[in-house]
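First comes the structure, then the notes that go with it.
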Amino acid sequence: MKVLGEKTYLLPLALVIGAVVDALEALFSHGLNFMISLNQAYYLPLVLALPLVGLVIVWIYQRYSPESLAGMSLIFNAVHQRDDNYRIPPLLIPIVIVATWLTHLVGGSAGREGVAVQIGATMGQQFDRWFKDKDQAYSVIFGIAAGFAGLFGTPLAATFFALELLTSGRLLLSVLLPTMLAAYTSLGVSSALKLHHAHFTVDLPQLSHAPVWQLIVMALIFSLAGQLFAHGLEKGKAVASHLMKNPYLRVALGGIILAALLLLTGGRYSGLGEPIIEAIFNGGQALTWDWLWKLALTVLTLSIGFQGGEVTPMFTIGTCLGYVLAPWLGLPNLTVAALGYVTVFAVATNTVIAPMLITMEIFGPEIMPWALPVILLAYSLNGNFSVYGQQKIME
């Protein structure tokens, strides 16, 4: 208890950071929804413009803030290095917002969480001059929690995501209370500003009717999918940069290939992937290879120079994979889809407590007896690999 109360003097600043971050996030989210609606209304001409818009995105970064291309790496360095050589450039906020808007305008397959976290961390760091030197990194953590909570409406998961993300295997419990306050403040502001948060209801069979082998198979397959996404994203970026060192050439040629694939698949995998998730949990169906198409096109989008997050695609990949896996296991489609939703996220981000809390906040506490063994086993199999390559590992 003493540890939990150690940093309570940071509560007022956490409150301010939570409110300010979510005000920015509301601007980002409403603008993103508008871009997605434009894409849906004028899909063909906008997808055909994808290579050209990619050139605009690269030009914006190269012209105004090349260092902002490091994205999430800047966030990790700001916390782990703690000196003025590792400041997050304030220009990152408008640039990543505009670049993500443009990516979704032309139908790129990407998420938004990474952007929200970058916005939160960058804005949080602007308040660190009000912190003691030894506390300055905490402003970034509060910003991450606020960014995640306002976006997904999961304040408990956001709290632990911020505490787990930067250093796997270690929780900064001394800042648990202010981090949680930043998350709940952000949620309150997002609700007031009418941001939509997804919640689903899943009918569950009796856990006692599920043989242990079903839980093991689910954990193994979801772990492999999460690792495939994390490794694919790392290798995709490395290969694209190696083959085409000029970023303009990379985004132009890659954009042509991406546009062709998006048109070939009828636009199903453009954007966040949320329509697929919502359709599945509201009586629709997943196609057999939805999960792999979403994985591959997200890796391609983010590897060639377009911007966006990774988490919502992870949710889509896991949901679709779980849906098509369920009949082979003799389990209800939506039960396995829900477990895929959270487990692929756990593996790909190398976090474990946050995914458990997302399970409870998105699907309700009733699913926890199913989710706990699957998440824990899948997480234990991932070898500490993450889409966030700068994440520190505590042995």
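If packing is taken as the mean number of other Cβ atoms within 10 Å per residue, what is the order of 182-189, 63-70, highest first?
Numbers: 182-189: 26.2, 63-70: 14.8.
The densest-packed peptide leads the list: 182-189, 63-70.
Would you mind checking which residues have amide H under 5 Å from Gly111's amide H? H placed 1.01 Å from N; only 5 or more apart, or other chain.
Residues meeting the amide H criterion: Gly309, Glu310.
Determine, for Lys294, Lys245, Lys237, the number of other Cβ atoms within 10 Å of each Cβ, and report the residues in order from fewest to most. Could you put the intermediate results ahead of the total?
Values: Lys294 27, Lys245 9, Lys237 16.
Lowest count first: Lys245, Lys237, Lys294.
If you put +1 on each Lys and Arg Cβ and -1 on each Asp and Glu Cβ, how big is the dipole of the chain around its Cα centre, in Debye rounded to 20?
Values: 18 positive and 20 negative charges, 134 e Å.
Using Cβ point charges on Lys, Arg, Asp and Glu, the chain gives about 640 debye.
Before rounding to the nearest 500, sum -39500 (n - 2.57) across all DSSP H runs of length at least 4 in the chain and divide by the residue total; then give [θ] at 222 nm in deg cm²/dmol.
On the way: 17 runs with 264 residues, N = 395.
Roughly -22000 deg cm²/dmol at 222 nm, from the helical runs in the chain.
Would you mind computing, in nm to one decimal, how far apart the modelled labels at Asp203 and Ile216 are, each placed 7 Å from Cα along Cα→Cβ?
3.0
Within the P(r) computed for the chain, what percentage of the Cα pairs occupies the region above 35 Å? It would help to have the intermediate numbers written out before the result.
Working: 16782 of 77815 pairs.
For the chain, the share of Cα pairs beyond 35 Å comes to 22 percent.
What is the spin-label model distance, in nm, from Asn384 to Leu173 if the labels are put 7 Å beyond Cα along the C-beta direction?
2.2
Within 10 Å of each residue's Cβ, count the other Cβ atoms and sort Thr319, Thr312 from fewest upward.
On the way: Thr319 30, Thr312 25.
With the fewest neighbours first, Thr319, Thr312 line up as Thr312, Thr319.
Work out the count of Lys pairs in the chain where the Cα-Cα distance is under 15 Å, with the pair 8 or more places apart or on different chains. Present the calculation step by step, with values, prior to reporting the outcome.
Details: Lys7/Lys132; Lys7/Lys134; Lys235/Lys245; Lys237/Lys245.
So the count of such lysine pairs works out to 4.
Where a number appears in this text, it was derived from the coordinates with a stated rule and is not lab data. Quick caveat, the model's predicted, so the values are computed rather than measured. Positions of Cβ are generated from backbone atoms using ideal geometry, with glycine treated the same way; all protein chains shown enter the neighbour counts.
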